[in-house]
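The values are calculated or read from the model by the stated rules, or taken from the named source; none is laboratory data. Remember, predicted model here, so these are calculated numbers, not experimental data. No Cβ is skipped: glycine too gets one built from the backbone with ideal geometry, and neighbour counts run over all protein chains shown.
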Amino acid sequence: MRKLLIFATLISILSSCSNEEIKDERLNGDWYLTNAYCFCAFDPNTDFKDFTLNFDNSKQTVSIANPAETYYFIAENGSYGYQLSNNEISFKGLTTSYKYSIENDVLTLDKIDDPQIADDELTLIYQRK
């Protein structure tokens, strides 16, 4: 009986550790795009500040807003769950993930590109609102 109790305790400890969400409080809040570096075509008169992110750490979600329904850098307008791991952020339901860094209220997202695809590099620079 004692072995069974120890085994059950060990299993519960291991399973609780694997479900732990990693949070970065620095992400929480509103961000607007200031620049995009990529091999992609967009109107030179594009007002980047209309591309926004709102991170809600309590729900582990991000709301993405784009000025036009037909053009976006990360994803269509909507709310997405996100996960953090080793300075990487991935969005639930999307296949791309990004390296991220935050310095002086500037969020930099570098798309983790597919080495098999040429010219898929993307760097997005956001400013905290």
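Kindly check whether there is at least one residue in region 117-129 that is more than 18 Å from C38 (Cβ to Cβ), touching a strand residue (DSSP E or B) at 6+ places or on another chain (Cβ under 6 Å), assigned to a loop (DSSP other than H, G, I, E, B) and without any contact (Cβ under 8 Å) to a residue 24 or more places away in the chain. Within region 117-129, none of the residues are more than 18 Å from C38 (Cβ to Cβ), touching a strand residue (DSSP E or B) at 6+ places or on another chain (Cβ under 6 Å), assigned to a loop (DSSP other than H, G, I, E, B) and without any contact (Cβ under 8 Å) to a residue 24 or more places away in the chain.
Inspect all residues belonging to region 68-82 and state whether any of them is under 17 Å from D24 (Cβ atoms), exposed (fewer than 15 other Cβ atoms within 10 Å of the Cβ), in contact with a strand residue (DSSP E or B) (Cβ under 7 Å, 6 or more places away or on another chain) and not charged (D, E, K, R). Within region 68-82, one or more residues are under 17 Å from D24 (Cβ atoms), exposed (fewer than 15 other Cβ atoms within 10 Å of the Cβ), in contact with a strand residue (DSSP E or B) (Cβ under 7 Å, 6 or more places away or on another chain) and not charged (D, E, K, R). Residues that are under 14 Å from the mean Cα position of the chain (by Cα) and assigned to a loop (DSSP other than H, G, I, E, B) were ranked within region 22-50; the one that is nearest to K129 (Cα to Cα) is N28. Within region 25-46, being modelled with pLDDT of 80 or more and over 19 Å from T123 (Cβ atoms) holds for E25, N28, G29, D30.
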